[in-house]
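Structure, as structure tokens:
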Amino acid sequence: MIEMNVNGTVHRLDVEDDTPLLWVLREQLGLTGTKYGCGVAQCGACTVLVDGEAMRSCSLPAEAAAGRTITTIEAIEDHPVGRRVVEAWVEAQAPQCGYCQSGQVMAATALLAATPKPTPEEVGAAMTNICRCGTYNAIARAIGLAAERA
Amino acid sequence: MRTEDALAAAMPPGRPVNLSRRGMFAAAGAGLFLGLALPARTPRAQGSAAAALRHATKVNAYLRIAPDGKIHLQNPFVEGGQGIDSAVAQIVAEELDADPAGFVVACAPPGEDFRVMQGGNVRFTGGSFSVRSSFAHFRTLGATARAMLIEAAATRLALPATALTTEPGRVVHRESARALTYGELAEAAAALTPPVNVPLKDPAAFRVIGRRVPRFDVRAKSTGKVTYGIDVKVEGMLLAAVVHAPRAGAQPAAVTNEAALRALPGVHSVHRLPGAVAVAADTWWHAKKAVEQAQVAWQALAGPVMAEDFSPAAMLDRLKAAAGTPGNTAEEAGDLRVALAGAARVIEAEYDAPYLAHAQMEPPSATARFNDDGTLDVWVPNQAPDFFLATAARVAQLEPAKVRIHSPPLGGFFGRHFAYGSANAHPQAILLAKATGRPVKVIWSREEEFARDAYRPLTFATFRAGLDVVGDVVALQAAGYGEGPMTRHFGAASLGNPPVDASIMEGLTGKPYRFAAKRVEFVPVPHPPGVNLGFWRSVGHSMNDFFFESFLDEIAHAANKDPFAFRMALLAHSERHRTLLNAVAELSGGWRRGPFQAPDGTRRARGVAMASPFGSEVATIAEASVKDGEVVVHDVWVAIDPGRIVNPRTIEEQVQSAVAIGLSSALAEEVLFERGEVTTRNFDTYQVMRRDRMPRVHVRIVESGAPMGGVGEPGTPGVPPAVANAVFALTGQRMRSLPFSKTRLSGS
């Protein structure tokens with residue numbers, strides 16, 4: 001049994017220790033807003049907050065998430081910074097196909113929670129998720145909007 | 001012929017269309033995809049406006065207005081980020097007189113009523129075809145529905161219809177200040193016979209079309225609330241993971257450790273499929289872990305297997321060996337031989353581009369459920385539901401009428417989700433659902449996706465230009481070599497006479513420049529059946545405009561002319577193109593080639609390119625520098641003329657996206673093989689562009705009033721040549737082989 005707090009609820013989960021957090025979220029908890037993109041921590045579509053830090057859940061074994069607090073996109077609007085990020089995302093109309101955007105929003109939320117007014121270099125270091133639709137400029141604009149309102 | 005027209009024309013009435021020819025059959029091996037056919041269609045009347053609007057008064061098939069006033073619209077096109085749900089709502093809202101924000105749009109099921117293209121006979125989402133092929137249809141639909149609502153109100157109010165008008169969402173009688181909402185009238189209106197020949201609005205009175213209407217799904221996509229195919233959940237379903245043969249074409253003769261696999265946690269069963277092995281389990285993670293441990297005896301049971309010595313380099317050698325072979329004429333003007341013989345100077349060049357993967361962010365999946373009543377439900381990402389229905393019925397051995405196809409929003413597509421035989425996951429889901437007696441969702445891992453995508457073909461082109469003594473072009477010859485997805489999936493018979501594969505040739509053909517003598521030809525050279533070929537964003541243009549516009553720069557250089565002025569001179573006959581070139585120059589602050597020093601101290605230059613893709617015209621300027629031997633692109637300016645437009649904001653966004661993928665393709669993307677196996681199987685080895693290399697993108701829309709063109713793809717093809725031409729201006733290095741990462745650049 002592995003215990004973790006996901007979006008404010010403590011779950012006791014009967015999963016093998018090496019099950020990636022991504023698949024615990026998607027298949028055990030039905031939280032499909034977190035996306036599978038590559039499985040090897042390359043693309044960032046699976047990004048969630050683990051104790052407030054952006055992590056790629058496809059490569060985080062369940063045992064490593066044990067006892068920690070996980071925030072997924074489903075609870076993003078309960079997060080004060082996350083709510084601001086979502087509003088900025090909508091205003092900038094950042095998503096196109098949308099598949100990577102859960103991870104992008106989570107990564108931006110972690111960045112702005114830690115660094116409310118990031119420099120372009122800090123944005124670059126934090127926002128490394130792939131978007132095949134190429135919404136990178138809209139994402140940059142959205143982060144700028146969210147930072148302005150911090 | 002353009003790709004989109006060829007695609008549509010490849011589905012003619014009166015004979016079955018073989019969607020899956022030798023390649024698919026050979027790759028799939030077991031005959032699963034053989035004879036895949038669509039039934040004959042009703043005769044089409046191309047060019048007839050009435051025929052084009054064959055389904056435009058079927059109001060009840062498309063629209064349902066709920067009592068709360070919400071307008072539910074069935075969209076023949078699938079949403080994948082291009083904004084088509086919002087665009088069709090915007091068009092209908094204009095004529096219906098409604099607020100586009102009040103629409104709820106869903107992807108329509110397969111069926112006759114939703115074949116809105118090519119005289120009302122064809123339906124697919126691709127070729128940047130959606131809005132332009134359905135603009136008149138949806139305007140007519142909206143206007144017809146409005147007339148029915150007015151008629152229903154007239155009956156209700158006992159007034160003549162002519163005394164009534166509409167305001168957004170309601171029918172009003174101004175004199176008595178009475179109004180009825182569409183929601184109140186919908187039921188009565190739906191019972192009326194749709195009128196014909198309802199007049200459309202004067203475009204000068206448009207209040208919705210042309211506006212920056214927000215896309216509908218942005219909030220849902222910003223909060224993880226969209227259900228993609230991979231998220232579909234069906235009661236009682238098993239999850240399945242697959243591994244395909246290391247070399248395409250091989251079949252699983254046996255899984256030698258099947259008993260051990262079945263003993264692994266959560267595993268339900270182990271299956272052999274055409275060209276693949278599958279494990280079904282309680283979760284996908286369990287299925288994936290198990291299937292990756294499968295010990296499989298792969299054998300050449302039927303059809304060819306990828307040769308062990310196959311590589312892109314070997315394929316390129318095969319194409320190069322065909323250089324000089326007389327090809328099939330695609331375009332011809334004047335007497336090329338005479339013109340070349342009389343030229344003061346002849347320059348030649350060869351270009352090539354690699355296999356590309358779509359690399360859409362959502363890995364493929366499919367869910368199949370056989371129902372107690374003998375029907376089958378299939379949820380599968382797709383760009384052509386009728387095609388997928390035909391393939392699903394064939395695999396399931398059911399009458400098409402017993403199959404339902406559900407088309408979820410796409411987590412990116414770029415051409416990935418057509419019916420590509422072995423590159424589709426739904427046949428596997430159907431076979432597994434049949435074998436297990438349970439609903440099954442198959443998900444391909446990213447590694448399986450990169451290994452079994454339908455790739456943009458590796459291509460090769462040769463050019464020859466004759467110049468006279470003052471450096472004017474007197475002769476131009478271009479040839480494209482290979483096999484495109486048109487040949488592969490629709491057969492040589494679909495290519496016309498003489499056969500010309502538009503998916504290999506467009507962009508070498510269709511250029512706006514005028515040359516006294518010109519010959520463009522297609523030299524067919526097949527790719528191995530184990531390499532599946534697909535349509536990739538902007539298709540033939542994605543490589544050919546790079547080839548052509550780079551060579552045009554080579555000619556300008558040889559003639560000692562500025563590449564911008566050189567293009568202007570070749571476009572003396574076309575005000576539309578000169579206007580566009582001037583627009584992009586102005587957008588970039590005036591044409592300057594450089595090299596010049598930028599304020600940050602870097603040495604930069606600019607390149608220009610033009611493209612005529614999918615009915616639109618595009619001019620592109622890129623500014624680049626070189627750092628550590630690699631190109632850095634700072635700004636891209638795009639002027640696009642789609643003739644007429646629906647939503648300028650969506651167009652700007654689509655150009656941003658198209659520029660990104662175009663630049664990505666040029667920088668570092670290529671599918672590699674070793675010993676017949678794909679080696680670029682995840683994003684660590686298949687390099688798609690990340691945020692750090694994204695340039696600023698500036699867009700200007702020019703509405704020339706020409707017939708409406710496409711929007712989703714046209715921004716792509718101008719980018720690679722504009723960048724390459726900038727690099728040449730900067731370094732003197734001419735990049736003739738994509739991707740750029742193969743060339744170490746000098747200077748900085």
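Laboratory data are not the source of any read-out in this text; all were calculated from the coordinates shown. Note that the coordinates shown come from a computational prediction; the quantities given were computed from them, not determined experimentally. Don't worry about glycine lacking a Cβ; one is built from the backbone with ideal geometry, like all the others, and counts go over all protein chains shown.
What dipole magnitude, in Debye to the nearest 20, does segment B:48-205 give about its Cα centre under +1 on Lys/Arg Cβ and -1 on Asp/Glu Cβ?
In debye, rounded to 20, segment B:48-205 gives about 280.
Which residue, chosen from B:639, B:607, B:155, occupies the Cα position most advanced towards the positive end of the dipole of the protein assembly as shown, where the dipole is computed from +1 (Lys, Arg) and -1 (Asp, Glu) charges on Cβ about the Cα centre?
B:155
How far apart, in nanometres, would the label points at residue A:10 and residue B:634 be if each is projected 7 angstrom from Cα along the Cα-to-Cβ direction?
Rounded to a tenth, the inter-label distance reads 5.7 nm.
Throw me the Rg/Rh for segment B:689-732, computed over C-alpha atoms with Kirkwood Rh, two decimals.
Looking at segment B:689-732, the ratio lands at 1.07.
Can you find, among B:418, B:504, B:343, the residue farthest towards the positive end of the dipole of chain B? Put +1 on the C-beta of Lys and Arg, -1 on that of Asp and Glu.
B:418
Could you order peptides B:187-198, B:397-408 by the average number of other Cβ atoms within 10 Å of their residues, highest first?
B:397-408, B:187-198
Assuming a ≥ b ≥ c are the square roots of the Cα gyration tensor eigenvalues, decide whether segment A:55-108 counts as rounded (a/c under 1.5), prolate (otherwise, with a/b larger than b/c) or oblate.
oblate
Taking a point 7 angstrom from the Cα of residue B:701 along the C-beta vector, which residues in segment A:81-105 have backbone N less than 13 Å away?
none
Name the shape class, rounded, prolate or oblate, that the alpha-carbon gyration tensor gives for chain B, where a ≥ b ≥ c are the square roots of its eigenvalues, rounded holds for a/c under 1.5, and otherwise prolate holds if a/b is larger than b/c and oblate otherwise.
Because a/c hits 1.5 or more and a/b fails to exceed b/c, chain B counts as oblate.
Specify which residue in the list B:409, B:271, B:286 is farthest towards the positive end of the charge dipole of chain B, using unit charges on the beta carbon of Lys, Arg (+1) and Asp, Glu (-1), about the Cα centre.
Checked the options; the winner is B:409.
Tell me, what are the semi-axes, in whole angstrom and largest first, of the equivalent ellipsoid of chain A as set by the roots of 5 times the Cα gyration tensor eigenvalues?
The equivalent ellipsoid of chain A has semi-axes of 26, 16, 13 Å.
Pairs of alpha-carbon atoms within less than 8 angstrom and 6+ residues apart define the contacts here; what relative contact order does segment A:76-148 have, in percent?
About 45 percent, as a whole number.
Can you compute the FRET efficiency between residue B:253 and residue B:322 using 1/(1 + (r/R0)^6), with r the Cβ-Cβ distance and R0 = 56 Å? Round to the nearest 0.05.
E between residue B:253 and residue B:322, to the nearest 0.05, is 0.95.
When all alpha-carbon pairs of segment B:114-153 are counted, what percent fall beyond 16 Å?
Cα-Cα pairs in segment B:114-153 separated by more than 16 Å: 42 percent.
Which log10 I(q)/I(0) values, to two decimals, does segment A:76-148 give at q = 0.17, 0.22, 0.26 Å⁻¹ under the Debye formula with one point per Cα?
Reported log10 I(q)/I(0), two decimals: -0.51, -0.89, -1.29.
Where does chain B land at 222 nm, in deg cm²/dmol rounded to the nearest 500, when only DSSP H runs of n ≥ 4 count, each adding -39500 (n - 2.57), divided by all residues?
-8500 deg cm²/dmol
Just tell me how shielded B:681-694 is by partners: mean number of partner chain Cβ atoms within 10 Å of each residue's Cβ, no decimals.
Mean shielding by partner chains, rounded to a whole number: 5.
Per residue of B:739-747, how many C-beta atoms from partner chains lie within 10 Å of its own C-beta, taken as a mean?
Averaged over the peptide's residues, the number is 0.
Suppose R0 equals 41 Å; then what is the FRET efficiency for residue A:64 and residue B:299 from their Cβ-Cβ distance, rounded to the nearest 0.05?
So, using R0 = 41 Å, E works out to roughly 0.50.
For a test of the definition: using alpha carbon positions, the gyration tensor, and the 1.5 limit on a/c, classify the protein assembly as shown as rounded, prolate or oblate.
Since a/c stays below 1.5, the shape of the protein assembly as shown is classed as rounded.
Given charges of +1 on the Cβ of Lys and Arg and -1 on the Cβ of Asp and Glu, with all other atoms neutral, how large is the dipole of chain B about its Cα centre, in debye to the nearest 20?
The calculation lands at about 320 debye.
Under a point spin-label approximation (7 Å from Cα along Cα-to-Cβ), what is the residue B:181-residue B:672 distance to one decimal in nm?
Calculated label separation equals 6.2 nm.
Give me a single rounded figure for A:71-82: the average over its residues of other chain Cβ atoms within 10 Å of their Cβ.
Taking all residues of A:71-82 together, the mean is 1.
Taking a virtual spin label 7 Å from the Cα of residue B:106 along the C-beta vector, which residues in segment B:180-223 bring their backbone nitrogen under 13 Å of it?
Correct set: none at all.
Determine the distance separating the Cα centre of segment B:167-238 from the Cα centre of segment B:290-332; give it in Å without decimals.
If you average the Cα positions of each part, the centres end up 49 Å apart.
Could I have the simple spin-label model distance between residue B:742 and residue B:576, label points 7 Å from Cα toward Cβ, reported in nm to one decimal?
It works out to 3.5 nm between the two label points.
Quick one: of the DSSP bridges fully inside segment B:364-492, what percent are antiparallel, nearest 5? All intermediate terms of the calculation are to be shown ahead of the outcome.
Working: 16 of 20 bridges.
Close to 80 percent.
Please find the FRET efficiency linking residue B:568 to residue B:602, where r is the Cβ-Cβ separation and R0 is fixed at 41 Å, and quote it to the nearest 0.05.
Between residue B:568 and residue B:602 the formula returns 0.90.
Tally the DSSP beta bridges in chain A and give the antiparallel ones as a percent, rounded to 5.
Roughly 85 percent of the beta bridges in chain A run antiparallel, per DSSP.
For segment B:681-748 and segment B:526-599, what is the separation of their C-alpha centers, rounded to whole Å?
So the two Cα centres are separated by 11 Å.
Looking at chain B, send over the antiparallel percent of its DSSP beta bridges, to the nearest 5. If you can, show how the numbers build up before the last one.
Numbers: 82 of 112 bridges.
Of those bridges, close to 75 percent are antiparallel.
Charges at C-beta only: +1 for Lys and Arg, -1 for Asp and Glu. How large is the resulting dipole of segment A:2-74 about its Cα centre, in Debye rounded to 20?
300
Given contacts defined as C-alpha pairs under 8 Å and at least six residues apart, what's the relative contact order of chain B, whole-number percent?
15
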